[in-house]
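Enquirer: Can you keep this structure in mind? I'll have questions shortly.
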Amino acid sequence: MINKFVKSVLIFIFISCSGGESEEEVISPNEQNNNLKSEYIPSDYNLISSDEFDSFENNNWSKGLTHSTNSSVRMIWNKNTGGENLLNNNYDGYLLDDNVYVNNGLLYLENRKQSITGTDPVGQFNYSTGWVNSLQKINFNGTNKNIYLEIKAKFPKGDKVWPAIWLIDDSENRKWPPEIDIWEYFGKFFNTNRSDEMYMRFIYGLWNDKKDHSYALKNFQSTYNSSSKFHIFGFNWTDNDMKWYIDGELVHTKNKGVEVPSEDWPNKTMCIVMNNGLMRVVDEGNTIFPNSLVIDYLRVYEKN
């Protein structure tokens with residue numbers, strides 16, 4: 001009886017001192033979402049998906065070009081020059097799962113210099129690379145409901161590197177195009193004299209008659225030192241425009257009916273591809289191996 005009385009008194013004191021609530025703060029889902037909002041996110045957008053890369057999250061990502069549990073769900077690779085480990089022969093790196101890893105809260109997509117005997121496609125390769133896709137895992141349609149995608153990342157530098165963060169069709173009857181190249185970096189742009197360019201591109205039309213609107217941000221590494229410094233990359237896709245931001249600064253806009261014909265504006269569910277890459281027709285030059293596209297976090301917000 002005494003023990004029960006003492007216990008009752010202690011409970012009463014605890015409740016009185018805490019205002020009738022537990023000492024553990026209760027955080028609502030909206031408050032949790034706000035905690036993952038940087039200063040650059042529009043106030044009327046709420047978080048719908050995120051990855052902080054404390055571990056590799058299989059519910060968000062598959063390695064390579066195919067879905068992790070359903071091989072029939074895959075990116076559309078070139079049937080003549082590509083395969084399960086190579087999108088097409090513009091690339092010079094064989095895709096390996098080992099080149100995708102998480103360390104200290106960061107996702108690494110790594111290019112390595114190594115000799116590989118490829119099986120799909122068959123061939124000899126001098127490099128390996130890391131890719132992830134969110135096929136049937138993270139997807140959205142910004143035209144249907146406006147989205148804001150924010151990624152904190154470092155991009156590698158070097159003549160031969162070709163890393164990218166892009167969107168592809170993730171609808172039931174997957175087609176290419178459309179393709180939105182949100183951030184596509186070229187150490188050197190194919191076999192031209194152009195170098196150090198970050199592309200923001202929308203590809204549309206038909207596979208045998210594709211069109212695109214491209215904008216190149218010149219002197220990207222020279223300006224942002226992105227190989228050694230993290231920046232916050234934002235992309236806002238709405239029913240009327242697409243806007244690109246670096247650290248909150250608007251760097252490019254595509255408008256429906258202006259830069260992109262109204263009838264070609266994307267209106268499909270799309271998923272995310274993130275990859276490091278190497279350009280086949282470009283020599284190594286000043287490229288240092290290994291090199292990585294490094295992602296600190298990825299967050300997708302949707303307008304209320």
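Enquirer: Report, to the nearest 10°, how far helix 2-17 tilts away from the longest principal axis of the Cα atoms in the chain, using its own Cα long axis and a range of 0 to 90°.
Expert: That helix lies at roughly 60 degrees to the long axis.
Enquirer: Quick check for you: with a 1.4 Å probe and neighbouring chains kept, what is the accessible area per residue of the chain, in Å²?
Expert: The answer is 50 Å² per residue.
Enquirer: Now for a different question. In terms of Cα to Cα distance under 14 Å, which aspartates and glutamates are near enough to K79, apart from those fewer than 8 places away along the same chain?
Expert: Here the aspartates and glutamates satisfying the reach criterion relative to K79 are D120.
Enquirer: Once you have all Cα-Cα distances for segment 101-140, histogram them in 10 Å bins from zero and send the whole-percent values.
Expert: Going from the shortest bin to the longest, the percentages are 22, 37, 31, 10.
Enquirer: At a 1.4 Å probe radius, carbon and sulfur cover how many percent of the accessible area of the chain?
Expert: With neighbouring chains kept in place, the figure for the chain is 45 percent.
Enquirer: Which number do you get for Rg(Cα) / (2.2 N^0.38 Å) in segment 42-171? Kindly include the intermediate steps, with their values, before the conclusion.
Expert: Details: Rg = 15.9 Å, N = 130, 2.2 N^0.38 = 14.0 Å.
Its radius of gyration relative to the 2.2 N^0.38 Å reference: 1.13.
Enquirer: Below 11 angstrom from the Cβ of S43, what's the summed charge of the other residues (Lys, Arg +1; Asp, Glu -1)?
Expert: Residues close to S43 contribute a combined charge of 0.
Enquirer: Taking a ≥ b ≥ c as the square roots of the Cα gyration tensor eigenvalues, with a/c under 1.5 meaning rounded and otherwise prolate when a/b beats b/c, else oblate, which class fits segment 114-174? Could you put the intermediate results ahead of the total?
Expert: Numbers: a/c = 3.60, a/b = 1.62, b/c = 2.23.
It comes out oblate by the Cα gyration axes.
Enquirer: So what is the calculated 222 nm ellipticity per residue for the chain, using -39500 (n - 2.57) for each DSSP H run with n of 4 or more, over all residues, to the nearest 500 deg cm²/dmol?
Expert: Computed mean residue ellipticity for the chain: -2500 deg cm²/dmol.
Enquirer: Could you tell me the largest-minus-smallest coordinate of the C-alpha atoms of segment 118-223 on each of the three principal axes, in descending order and whole angstroms?
Expert: 39, 38, 31
Enquirer: With the alpha-carbon atoms as the only input, what is the per residue convex hull volume for segment 184-304 in Å³? Provide the component values of the computation, followed by the final result.
Expert: Working: hull volume 17.9 nm³, N = 121.
Expressed per residue, the convex hull around the Cα atoms of segment 184-304 is 148 Å³.
Enquirer: While we're here: With unit charges on the beta carbons (Lys and Arg positive, Asp and Glu negative) and the dipole taken about the Cα centre of segment 157-297, which residue among I180, L250, S214 sits farthest to the positive side?
Expert: Most positive-ward Cα: S214.
Enquirer: Amide H neighbours of W183 under 5 Å, at least 5 residues apart or on other chains, H built in the peptide plane: list them.
Expert: I165
Enquirer: Can you grab the distance from the C-alpha centre of segment 81-152 to the C-alpha centre of segment 162-203, Å, no decimals?
Expert: 13 Å
Enquirer: Using +1 on the beta carbon of Lys and Arg, -1 on that of Asp and Glu, and nothing else charged, what's the dipole of the chain about the Cα centre, debye to 20?
Expert: Numbers: 30 positive and 40 negative charges, 94 e Å.
Using only the charged Cβ atoms, the result is roughly 460 debye.
Enquirer: Continuing with this model, one more query. Build a GNM of the chain with springs between Cα atoms under 10 Å: which of T192, T129, T238 gets the top mean-square fluctuation?
Expert: Maximum among the listed residues: T192.
The values are calculated or read from the model by the stated rules, or taken from the named source; none is laboratory data. Worth saying up front: this structure is predicted, and the values here are computed from it rather than measured. Cβ atoms come from the backbone with ideal geometry, glycine included; neighbour counts cover every protein chain shown. The area values use the complete protein model at the heavy-atom level, side chains included, leaving out ligands, DNA and RNA. Shrake-Rupley method; radii C 1.70, N 1.55, O 1.52, S 1.80 Å.
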